[in-house]
Amino acid sequence: REGYFVLPPGIDVCGPRMRHFAPYADIMGAEPAKPILKDAEALAKSVEGVYGPGEKPYLAYNLSPSFNWDASGMTDAQMRTFCGDLGKLGFVWQFVTLAGFHLSALNANRLSRTLCGDQSMLGYVEGIQRPERNEGVDTLTHQRWSGADLIDRTLSTMYGHGFSTAIQGEECTENQFGKKEEH
């Protein structure tokens, strides 16, 4: 209808196409309809030797959030080893599209509920700040991540040292988190 030649879906079609394009690609992948290890095996097998005897191409796999992983037919044990199993097949780049989107939405929802609920700011501290500190997450001291050093250097160039609007002053976030925590 749209003027495109319609190919039948499936691994049987993907493998030969990937073999054809292999000389022009550093990494190849196909997005399956469902996360089925046997399909990934078939795809990996179909491109074996494409660069020469015993040579395996680099393969990519989208661990898609569009899959309903709980309805995929895999057990928790199979899901636990899925990425490692893909790696053994040559899938060297495994990624979750929109992972940040889902993670941000979930955490924004959780934070909103705690801030508006009984916990108030304690919900933020227990749910975000303390886990960041305990797990050594660099963004706990977020000002260097947000460009504060660049802004301060720019303002210092313009106004000289000791200007009153410095972001990285004595009481900045970076210095506060070096202090002993009390709760």
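The values are calculated or read from the model by the stated rules, or taken from the named source; none is laboratory data. Just so it is clear, the structure is predicted and the values come from calculations on it, not from any experiment. Using ideal geometry, Cβ is built from the backbone for each residue, glycine included, and neighbour counts are taken over all protein chains shown. Side chains are part of the model used for accessible areas, which takes the heavy atoms of the whole protein and leaves out ligands, DNA and RNA. Shrake-Rupley method; radii C 1.70, N 1.55, O 1.52, S 1.80 Å.
Details
- Just one residue in the set ALA33, ALA77, ALA40, ALA99 is touching a Leu at 6+ places or on another chain (Cβ under 9 Å) and exposed (fewer than 13 other Cβ atoms within 10 Å of the Cβ); that residue is ALA99.
- Those residues of segment 102-111 which are among the small types (Gly, Ala, Ser) and open to solvent by 60 Å² or more (accessible area, probe 1.4 Å), in sequence order: SER104
- Residue satisfying condition, being modelled with pLDDT of 95 or more and out of contact with any Lys or Arg (no Cβ under 9 Å at 6 or more places or on another chain), within set ALA99, ALA60: ALA60
- Some residue of segment 47-66 being more than 15 Å from LYS88 (Cβ to Cβ), open to solvent by less than 40 Å² (accessible area, probe 1.4 Å) and aromatic (Phe, Trp, Tyr): no
- ASN109, sole failed condition from (1) of a type in the set (S, T, N, Q); (2) in contact with a Cys (Cβ under 8 Å, 6 or more places away or on another chain); (3) assigned to a helix (DSSP H, G or I): (2)
- Residues that are among the basic types (Lys, Arg) and within 26 Å of LEU103 (Cα to Cα) within segment 20-78 comprise just one, LYS34.
For every residue, the table says whether it meets (1) touching a residue at least 60 places away in the same chain (Cβ under 8 Å); (2) at positive phi; (3) not in a loop (DSSP other than H, G, I, E, B).
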{"site": "VAL50", "(1), (2), (3)": "no, no, no"}
{"site": "GLY54", "(1), (2), (3)": "no, yes, no"}
{"site": "PHE67", "(1), (2), (3)": "no, no, no"}
{"site": "MET74", "(1), (2), (3)": "no, no, no"}
{"site": "GLN78", "(1), (2), (3)": "no, no, yes"}
{"site": "GLY87", "(1), (2), (3)": "no, no, yes"}
{"site": "TRP93", "(1), (2), (3)": "yes, no, yes"}
{"site": "PHE101", "(1), (2), (3)": "no, no, yes"}
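- Segment 28-44: number of residues that are part of a helix (DSSP H, G or I) and free of Cβ contacts under 8 Å to residues at least 24 places away in the same chain: 1
- Within this structure, ILE36 fails the test of being in contact with a helix residue (DSSP H, G or I) (Cβ under 7 Å, 6 or more places away or on another chain) and either modelled with pLDDT under 95 or of a type in the set (Phe, Trp, Tyr) (or both).
- Test: residue in segment 17-27 that is modelled with pLDDT of 90 or more, open to solvent by 50 Å² or more (accessible area, probe 1.4 Å), of a type in the set (A, V, I, L, M) and in a loop (DSSP other than H, G, I, E, B): no
- Some residue of segment 117-127 being in contact (Cβ under 8 Å) with a residue 24 or more places away in the chain and surrounded by 13 or more Cβ atoms within 10 Å (Cβ to Cβ): yes
- Filter pass, ALA71 being within 30 Å of HIS142 (Cα to Cα), loosely packed, with under 15 Cβ neighbours inside 10 Å and of a type in the set (A, V, I, L, M, F, W, C): no
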